[in-house]
Amino acid sequence: MAIYDRFKDKTRKKLAVLVDPDKPTDAQILSMVEKANAADVDFFFVGGSLLVTDSLDHCIKLIKEHSKIPVLIFPGNSLQISKYCDGFLLLSLISGRNPEMLIGRHVIAAPYLKLYGNEIIPTGYMLIDSGKATSVTYMSDTTPIPHDKDDIAMCTAIAGEMLGLKLIYLEAGSGAMTPVSTSMISKVSQMINIPLIVGGGIKTPEMAAEAVKAGADVIVIGTAFEKEPESLNEFAKTIHEFK
């Protein structure tokens, strides 16, 4: 099954674990994979706003050696590519007006992605204000959509779908103080026909439940899992209960 077909599968809501390859040791990665396997996690997203080591390939290979869960690169820049992943979220930052993040970096990466043959999933990436400056806001040099401007988010997502993007990703940022609001999730999900991913600031299974009730198809957790690895089972159970 193509990875994108997994995103479109409506039989259950899905959970993705975000892995920053710079942070964990090999032992921590293996522990993370073991817990993800046991919890029946749906995807690994690997990447970060800024990587300062060359650990991307190693991290992906280590995960794939010990898990059948699809590994997708969630890139912070055009250098974050690898032939060892299962797929690549080709992020176009449609909430901002920085041409480098809309198309510029993609032009640089395109010939390598073509050569590697990774499954490419064009993704409309939308930064939502979370109450504090985040790494991705700083690195992308863009202004997030205000937290309470549901209509702006909705229209941006509609435009992204009309442009042919296959996923919409609402992102509050790693460690966000405030997650994307349920009203924004609801408004966006009602107006698009492609899968909706929501991440950033989702600290508890209860918060994940509210997001999927509002219309999110995929929930992404990173910081919450890093702080409380044992919570993964509860996150997965809560999310997978929704059809």
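Please give the number of the condition ILE120 fails out of (1) more than 26 Å from GLU241 (Cα to Cα); (2) among the hydrophobic types (A, V, I, L, M, F, W, C); (3) assigned to a helix (DSSP H, G or I).
(3)
This table checks each residue for (1) out of contact with any helix residue (DSSP H, G or I) (no Cβ under 6 Å at 6 or more places or on another chain); (2) surrounded by 19 or more Cβ atoms within 10 Å (Cβ to Cβ); (3) assigned to a helix (DSSP H, G or I).
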| residue | (1), (2), (3) |
| --- | --- |
| GLU206 | yes, no, yes |
| ALA209 | no, no, yes |
| ALA216 | no, yes, no |
| ALA224 | yes, yes, yes |
| GLU230 | yes, no, yes |
| GLU234 | no, no, yes |
| ILE239 | no, yes, yes |
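Just to be sure I understand, how many residues within segment 130-164 are surrounded by 14 or more Cβ atoms within 10 Å (Cβ to Cβ), at pLDDT 95 or above and among the small types (Gly, Ala, Ser)?
3
For the condition over 27 Å from GLU34 (Cα atoms), in contact with a Leu (Cβ under 8 Å, 6 or more places away or on another chain) and of a type in the set (Val, Ile, Thr), what is the one hit in ILE145, ILE158, ILE239?
Numbers: ILE158 fails: in contact with a Leu (Cβ under 8 Å, 6 or more places away or on another chain); ILE239 fails: over 27 Å from GLU34 (Cα atoms).
Going through ILE145, ILE158, ILE239 in turn, just one is over 27 Å from GLU34 (Cα atoms), in contact with a Leu (Cβ under 8 Å, 6 or more places away or on another chain) and of a type in the set (Val, Ile, Thr): ILE145.
Taking the criterion of being of a type in the set (Gly, Ala, Ser) and within 25 Å of THR137 (Cβ to Cβ), would at least one residue in segment 32-42 satisfy it?
Initial filter on segment 32-42 (of a type in the set (Gly, Ala, Ser)): 36, 38-39.
Checking the rest, the ones that are also within 25 Å of THR137 (Cβ to Cβ) come to none.
No, because not a single residue in segment 32-42 is of a type in the set (Gly, Ala, Ser) and within 25 Å of THR137 (Cβ to Cβ).
Pick out the one residue from LEU79, LEU51 that is in a loop (DSSP other than H, G, I, E, B), under 17 Å from the mean Cα position of the chain (by Cα) and over 24 Å from LEU196 (Cα atoms). It would help to see each step written out before you state the result.
Values: LEU79 fails: under 17 Å from the mean Cα position of the chain (by Cα).
Going through LEU79, LEU51 in turn, just one is in a loop (DSSP other than H, G, I, E, B), under 17 Å from the mean Cα position of the chain (by Cα) and over 24 Å from LEU196 (Cα atoms): LEU51.
Yes/no matrix, rows are residues, columns are (1) within 25 Å of HIS240 (Cβ to Cβ); (2) modelled with pLDDT under 95; (3) in contact with a Cys (Cβ under 7 Å, 6 or more places away or on another chain):
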| residue | (1), (2), (3) |
| --- | --- |
| ASP22 | no, yes, no |
| ASP42 | yes, no, no |
| GLY48 | no, yes, no |
| THR53 | no, yes, no |
| SER67 | yes, no, no |
| GLN80 | no, yes, no |
| LEU90 | no, no, no |
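Residues checked against (1) within 20 Å of the chain's Cα centre (by Cα); (2) in contact (Cβ under 8 Å) with a residue 24 or more places away in the chain:
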residue: MET101; (1), (2): yes, yes
residue: GLY104; (1), (2): no, no
residue: LEU113; (1), (2): yes, yes
residue: TYR116; (1), (2): no, yes
residue: ILE121; (1), (2): yes, yes
residue: ILE128; (1), (2): yes, yes
residue: SER135; (1), (2): yes, yes
residue: ASP141; (1), (2): yes, yes
residue: ASP151; (1), (2): no, yes
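The values are calculated or read from the model by the stated rules, or taken from the named source; none is laboratory data. Everything quoted here is computed from the prediction, not taken from an experiment. Don't worry about glycine lacking a Cβ; one is built from the backbone with ideal geometry, like all the others, and counts go over all protein chains shown.
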